[in-house]
Amino acid sequence: MKEERKNILIGRKIEIMLYGYIRVSTGTQAIHGYSLEEQKQALINAGVEEKRIFMDAGKTGTNFNRDGWINLTKAVRDGDTIVCYSMDRMGRNFNEIIVNMNVLEKNGINIRTIRENVNTSTAAGRMQAQIFSAVAEMEHALILERTAAGRETAKRSGKVCNRPKTYNMRKARKALEYREQGWTIDDIAVRLKTSHACVYRMMADAKKERENA
């Protein structure tokens, strides 16, 4: 790898080496925008050479012991940039994404994302990255709260607005467990073979059951 590096000191300028990272669980390969090929092509279009794209395939949201990511962090050097399709490819949740970003930043490595158009080479970019991650987590939490509140209001008013359930509480508890472990809604939906909306309903039911226990 060393002989391939092109970070050549020219005066005071160093040519930035671009590396790429792509990841999918087995299920999310079928979801538009997250397949390995779509991610890889997006990175190539962004200027990353295919030979410098590291990948982890068939890894679930609960498994971040990823060989591709580990090998990537060993390959990059001070001044290099890692390009990802989106920020959620870097970790299971907000905390893990921030930890990984901080480690890379400490070693002089920048992060660029294509979907969110984030570039951590600037202070504004680093703040933007944290905001995007935090907002995504908060949005999921608010959806669960609004769903539970809406159903409780309907119940008190005597309205029956629940759809016939296509799942049992065991499956609902499993959905909430996956989410608390850091799985994305996409990953949970694929694993449980259901829709995103159903995942939110299951998590709301499981959360309500837990609160009433």
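Pairs exceeding a 23 Å alpha-carbon distance, out of Lys51/Lys74; Lys51/Lys193; Lys171/Lys208; Lys74/Lys106; Lys174/Lys207; Lys40/Lys193: Lys51/Lys193; Lys40/Lys193. Can you tell me how the stretch 69-131 classifies by the Cα gyration tensor, rounded, prolate or oblate, using a/c under 1.5 as the rounded cut? Verdict is rounded for the stretch 69-131. Between Ile44 and Arg66, residue separation times 0.36 nm minus the direct Cα-Cα distance comes to 5.8 nm. Counting other Cβ atoms within 10 Å as a rough exposure proxy, the listed residues Val24, Val103, Val76 run Val103, Val76, Val24 from fewest neighbours to most.
Since every read-out is calculated from the coordinates, none of them should be taken as a lab result. Predicted model, so just to flag it, every value in this text is computed and none were measured. Note that each Cβ is placed from the backbone with ideal geometry, even for glycine, and that neighbours are counted across all protein chains shown.
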